[in-house]
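Below is one structure, written out as structure tokens; comments come after it.
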């Protein structure tokens, strides 16, 4: 069971037990004798309802099953947390997950650096350049999404051949992400070399080069 889910169940159980103790200990709460049977029935029903809800959650929730819900992943931090929840040294994809985590952290850092450089130099093309950074991030996390999908359908009973196919597919996604990060590095290098006297043509060339590179990366979409 995922550690977060286990912790959630533990907290709910402790809270319910604590409330029960408070309500039914005469020395603590001091309920009248007439009210105790009614409250007892209400609390029993509440305990059953809450625990039954958690059991259903564990049975049907993707978060409980995989440690994340793919449909709810929105930003870089969400994808990093999803990868973290998958990571285990015993996982057949441990190496690939670790690489993907590093890539997600890297693209997020590069985005922050890009914004800082542009903010300091007050570029007119600020929005267009930051949009490119967001596009690069979007491509990368989309590849991570595909990795998560592929790992979710893997079953150890499938055998070594299918494991090899899954790993080969994920490796291609990792290579694609490396290419995205390489292009992002080129963008950062170009932007860092621009100064306030840079012409519109120079900035347009930077935008054009990075846009073309991203289009090429999109073409290798798996």
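Every number here is computed from the coordinates shown, using simple stated rules; none is lab data. These figures come from a predicted structure and were not determined experimentally. A quick note on method: Cβ atoms are made from the backbone with ideal geometry, for glycine too, and the neighbour counts reach across all protein chains shown.
Worth pointing out:
- The equivalent ellipsoid of the range 136-182 has semi-axes of 24, 11, 4 Å, largest first, where each one is the square root of 5 times an eigenvalue of the Cα gyration tensor.
- Full extension of the chain between residue 138 and residue 41 yields a length gain of 29.7 nm, computed as 0.36 nm times the residue separation minus the alpha carbon distance.
- Cα-based Kirkwood hydrodynamic radius, the range 74-184, one decimal, Å: 15.0
- Pair residue 116, residue 14: separation of 7 Å Cα→Cβ label points (nm): 3.8
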